[in-house]
1. Using mean Cβ contacts within 10 Å as the protection proxy, how do 55-66, 2-13 order, highest first?
2. How charged is the neighbourhood of Gln26? Take every other residue with its Cβ under 13 Å from the Cβ of Gln26, and add Lys/Arg as +1 and Asp/Glu as -1.
Amino acid sequence: MKQIEVQILQQSYLLTCPEGHEARLQESVERVDAAMTRIRDSGKVRGRERIAVLAALNLAFEITDRQASDAAAGAPADTLPSPPSPATEAPALSDHDSQRLHALVHRLDQALADGTAA
């Protein structure tokens with residue numbers, strides 16, 4: 001196992017990964033950092049924990065959405081699709097899916113706000 005120091009949202013983390021998987025881990029770190037940075041820069045969400053939860057949900061939604069698209073196209077169900085690279089835009093969502101996603105993010109933000117009143 002190899003240890004790699006990475007930066008996510010300008011905070012350092014020491015991560016362990018199997019030998020030979022460093023590039024894949026770094027790509028994942030870049031994807032998470034980009035997702036968290038977009039949320040932070042939107043100015044609508046404060047707090048590293050909330051940003052992390054919303055970024056994780058957005059990334060999971062992308063994976064689930066791609067799996068559903070692949071299943072509809074007849075791709076094997078047991079293969080995990082490659083998420084889009086950080087340098088490319090995510091595929092456009094239909095208006096219905098976009099509205100559902102925004103409503104979900106809004107509800108999550110409200111729930112997180114209610115649960116963290118300090």
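1. Packing proxy ranking, top to bottom: 55-66, 2-13.
2. -2
Only the coordinates and a few stated rules stand behind these numbers; no lab work does. Keep in mind that this is a model prediction, so the values were computed, not measured. Quick reminder, even Gly has a Cβ in these numbers, built from the backbone with ideal geometry, and neighbours come from all protein chains shown.
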